[in-house]
1. What are the extents of the Cα atoms of the range A:371-419 along their three principal axes, listed from largest to smallest and rounded to whole Å?
2. Within 10 Å of each Cβ in B:124-133, how many Cβ atoms from other chains are there, averaged over the peptide?
3. Okay, which of the range A:222-249 sit inside 16 Å, backbone N to the point 7 Å along the Cα-Cβ direction of A:L441?
4. Under the 0.36 nm per residue contour assumption, what length would be gained going from the current alpha-carbon distance of A:D653 and A:D233 to full extension?
5. Give me P(r) over the range A:277-331, computed from all C-alpha to C-alpha distances, binned every 10 Å, as integer percentages.
6. Computed over the Cα atoms, what is the radius of gyration of the range A:139-279 divided by 2.2 N^0.38 Å, N being its residue count?
7. Could you quote the convex hull projected area for chain B, Cα atoms only and averaged over all directions, in nm²?
8. For the range A:637-778, go through all pairs of different Cα atoms, get the mean of 1/r, take its inverse, and jot down that Kirkwood value in Å.
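A short reminder: the numbers here are calculations on the coordinates, not readings from a lab. Owing to the predicted nature of the structure, the values given are computational and were not obtained by experimental measurement. Because the Cβ atoms are built from the backbone with ideal geometry, glycine has one as well, and the counts that use them run over all protein chains shown.
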Amino acid sequence: MSDPEGSASENERPDGHRAEEAVETDAFPGESEEGESDRTPGEEREHLTEDVEKDDARKIVTGEARYTADYRDRFPDLAAGKVIRSDIAHGYVEAVDASEAEAMDGVYAVVTPWDDVVPDKAYSSSGQSYPEPSPWDMRVLREHVRFVGDPVAAVAARDAETADRAARKVTVEYEELEPVLDPERATDPDAPRIFDPDEVENKQSGADYERNLESRFEGEIGDVERAFERADDDRVVETEWETPYQSHCVPEPHTTIAYTDEDDRHSFITATQVPFHTRRQIAHLFDVPVRDVRVTKPRIGAGFGAKQEMAIEPIAFALHLAAERPVKLEMSRREEFYALRFRHPMRMRMKTAVSDDGRIEAMDLYTLSNAGAYGTHGMTVANNVGTKPLPLYPRVPNVRFEGDVVHTNLPMGAAMRGYGAPQGHFAVESHMDEVARRLDLDPVEFRERNAVREGDVDRSVAILKDGDRFTREIRSCGLRECIERGKEAIGYDETEQPDEDRLYRGVGMALLAQGSGVAGRELGAVRIRMNEDGSFHLQVGGVDTGTGADTMFGQIAAEVLGCHPDDIVVIASDTDLTPFDYGAYASSTTYISGEAVKEAAEEARERLLHWGAKMLDEPADRLATGGGEVYSEATGESVTLEDVGYEATYGHDEREQVLGDGSHSTDESPPPYGAQFVDVTVDEETGEYEINEMVFAADCGVAINPALVEGQIEGGEHMSLEYATSGGLEFDDEGNPEVLGFRQYGMPRTTDHPPMETIIVETHEPTGPFGAKSIAELPTNGVPPALSNAIRDAVGVRVTELPITADDVRAALDERDR
Amino acid sequence: MQIELELNGRQRTFDAAKSDVLLDVLRRNGYTGPKRGCDTGACGFCTVRIDGDPRMSCVTPVAKVDGASVETIEGLGDQNDLHPIQAAFVDNSALQCGFCIPGMIMRSKALLEENPDPTETEVREALSDNLCRCTGYKKIVEAVLDAADRMNGDAPMAADGGAGAVDCEAPPWSQGGGDTE
């Protein structure tokens with residue numbers, strides 16, 4: 001087990017929680033005392049800050065957990081689908097000849113862009129709120145193909161093998177067009193045009209499809225130009241950064257089963273993060289009422305944003321309509337690597353001016369995002385390049401942030417864990433380190449001087465918005481404690497250099513921030529109902545993508561209701577059975593859906609107290625719930641929740657189903673904070689480097705389930721490690737993908753991981769459920785800047801492109817020595 | 001064609017096509033614990049044991065297992081009576097989405113039968129063909145080391161083979177399984 005403190009026993013409270021803040025209070029009095037005053041005392045928490053067993057853990061380890069493809073036994077006549085994809089990067093489909101495939105034994109249907117069952121409507125696959133802040137630029141099957149992998153046709157057959165064979169017999173004729181592959185060239189006046197402006201509806205801010213521009217945006221606080229003019233030239237630093245494609249490598253490939261049930265309702269069992277958005281989008285696209293669509297999310301093999309997309313459901317549904325039987329569509333790993341969704345590649349420029357006493361006077365950030373072939377999440381991801389990391393420095397008086405989001409004939413970027421913040425943090429946090437070193441300041445002290453504190457008013461998060469509705473006050477911030485404890489854990493002040501002459505060791509740090517949901521664009525809802533035995537059904541729209549959200553929901557409900565988490569049956573993410581929820585994205589689930597659970601539980605608790613008052617003959621305001629009872633502290637009398645359940649359900653005079661509803665939305669999105677440390681040894685002759693250790697210290701408010709929080713941090717660091725060291729996609733000069741499987745893609749294995757230490761710094765966020773903020777995305781932001789900074793510390797050179805290879809380091813060393 | 005094999009200790013006969021791989025036949029017959037992740041033997045989600053050896057069932061032609069002994073995750077413990085490796089994964093929170101876990105556990109079982117007291121490095125090497133996207137592998141490696149202790153009787157097992165901290169007097173981090181790094 002991970003025990004960052006080494007000896008657990010000293011730090012334990014009677015309730016088993018490590019009282020980390022208690023031992024740290026002396027070291028950081030200012031920081032801790034402020035947090036402490038808000039904090040719910042540990043002994044009042046029965047089921048929070050506890051490593052409650054993940055509610056699906058046992059069925060996972062026994063192989064009984066059912067993911068979408070495991071539901072095949074429910075459908076005796078289930079057909080298998082296969083998609084025929086464009087093998088050119090840009091052009092028009094002139095003809096599809098499916099006659100040979102259609103004649104094959106066991107083939108039920110072939111659909112093309114011209115079929116009646118295939119909608120000819122523009123839409124966005126982005127699983128976002130309505131109307132999506134993404135252009136409607138897609139068709140279900142595509143006559144105008146824009147990248148190698150665009151879906152052109154699809155087959156349904158009796159099994160996957162027959163569908164594969166039939167798909168290979170479908171021939172497609174194209175009129176080929178010149179592709180655009182370089183994002184720097186995409187906006188040239190003579191570049192081939194990827195979209196006819198008429199092909200796009202719901203265009204986004206700054207769109208100019210004559211120039212392959214999906215969006216252009218800018219925002220400014222203060223006067224950045226003037227600040228640069230007034231600053232000394234030697235205290236103005238400008239840097240450039242570049243990041244590659246990254247694959248989600250989602251364990252369970254996109255999979256969906258589409259069928260129509262005996263009540264003529266269109267139903268999906270599907271691997272999605274966004275059941276309710278998918279329901280709405282299917283209804284709009286196929287012109288059927290929302291109420292006649294049902295989307296059920298079973299266990300899903302993770303999402304990471306790849307499944308914040310209606311990527312394959314419409315094709316499965318069209319096949320189902322044509323084949324007149326249930327259809328399962330399951331992506332291959334090869335398709336995942338070239339045809340589905342990715343993290344947007346970007347090129348960024350950052351410029352700052354620093355005063356003589358080390359204050360940042362101005363920050364100017366520009367990003368060029370390569371959206372690839374379609375605009376799903378294109379603008380919003382690029383927005384987050386600035387609006388996530390710039391709020392690390394909210395007291396900087398002059399800030400500008402601009403971006404261009406351009407189309408190319410390459411795979412489309414989309415939502416991916418971090419959502420622009422990993423790119424932005426690489427630019428901002430490597431830049432800040434570079435600034436400090438060039439000005440001969442300690443990079444950590446420079447950060448501590450300028451970084452966010454509790455009580456700051458953060459306007460940079462809303463720099464792209466009009467008005468001050470989304471300007472936020474920072475109510476919880478444990479960043480300095482993250483820095484101090486991270487420094488201590490990595491041994492920041494006592495780095496020993498290796499004996500060998502060519503080896504140099506260095507330590508780098510990056511500060512990190514994220515959000516907790518999309519401010520002003522979230523809604524989560526919950527219903528709790530009591531059973532007569534004192535247990536509860538918790539119906540929650542929130543989506544557990546494997547993170548343990550269902551467990552966290554149960555802990556919050558149990559804490560309020562005063563029962564054990566085992567007495568809560570969580571029913572989640574089925575558009576027929578649960579209240580609405582926007583879905584699992586933007587680190588919203590604990591903060592938004594979790595708060596809705598708390599509200600519902602509080603409403604149900606009022607009714608428990610009503611019944612307790614009746615049964616104990618005491619006023620409700622003198623009663624409390626806990627330990628499976630409604631009790632009176634004054635008299636010591638109590639009734640069990642089971643007694644309450646039976647009395648409420650079968651009582652003689654009066655009966656009531658104890659219910660509670662919660663519906664939560666807010667303009668708040670408090671940032672969780674973190675500090676990533678990387679300790680590296682660099683070989684000055686070869687440029688090879690080895691990461692000796694990584695430490696991550698996180699302030700996510702109150703960690704409702706610390707073991708699950710640690711899991712989020714360690715998994716996020718894994719993705720971040722890949723982004724820093726080994727990820728990326730390659731294409732040839734015609735836009736053909738060259739990375740098509742795990743063997744070519746650099747996903748880190750057990751043997752590639754350095755030792756990792758995880759530190760949870762507790763703060764209390766007053767707007768979150770029991771003080772919680774978010775954690776899931778924060779740790780994907782840290783390794784690239786921390787590693788770049790560590791290499792700079794070790795050998796004095798700066799690497800500005802990801803992934804960082806030995807060749808890059810070597811080239812930078814050669815440049816240094818020239 | 002028909003394939004006869006010993007599956008989780010029972011003699012079974014399955015209909016199969018020549019082109020089928022073992023994973024197809026297992027999943028078609030209700031053994032959906034092994035997961036399909038890549039179809040190329042590159043992710044390890046479909047790992048089963050064939051005559052004791054860990055194998056990727058997605059690249060094993062079914063004809064090759066005719067007469068063999070095959071063990072899948074379904075052959076281990078059930079939810080109320082977990083195998084020590086399963087219990088260690090639960091107690092160490094060594095799982096998130098779970099898609100890689102059946103393969104990871106089968107690989108771990110093969111390791112621990114061959115090497116009952118592995119070092120952390122040996123665990124990492126043994127699991128290096130099995131990918132996990134959620135955990136960063138840290139808790140998985142800790143779980144396998146903990147499982148080794150449990151199977152060797154070195155560590156107290158949670159009473160019911162995997163209880164969470166809530167039911168335990170002492171939380172998992174204060175139990176013997178903690179000294180694994």
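1. 40, 21, 11
2. Partner Cβ neighbours, averaged per residue: 5.
3. Once the point is set 7 Å along Cα→Cβ of A:L441, A:228, A:231-239 turn out to lie under 16 Å by backbone N, inside the range A:222-249.
4. Gain in length upon complete extension: 142.9 nm.
5. In whole percents, the pair-distance histogram is 20, 55, 24, 1.
6. 1.61
7. Working: hull surface 40.1 nm².
Average of the hull's projected areas for chain B equals 10.0 nm².
8. 20.0
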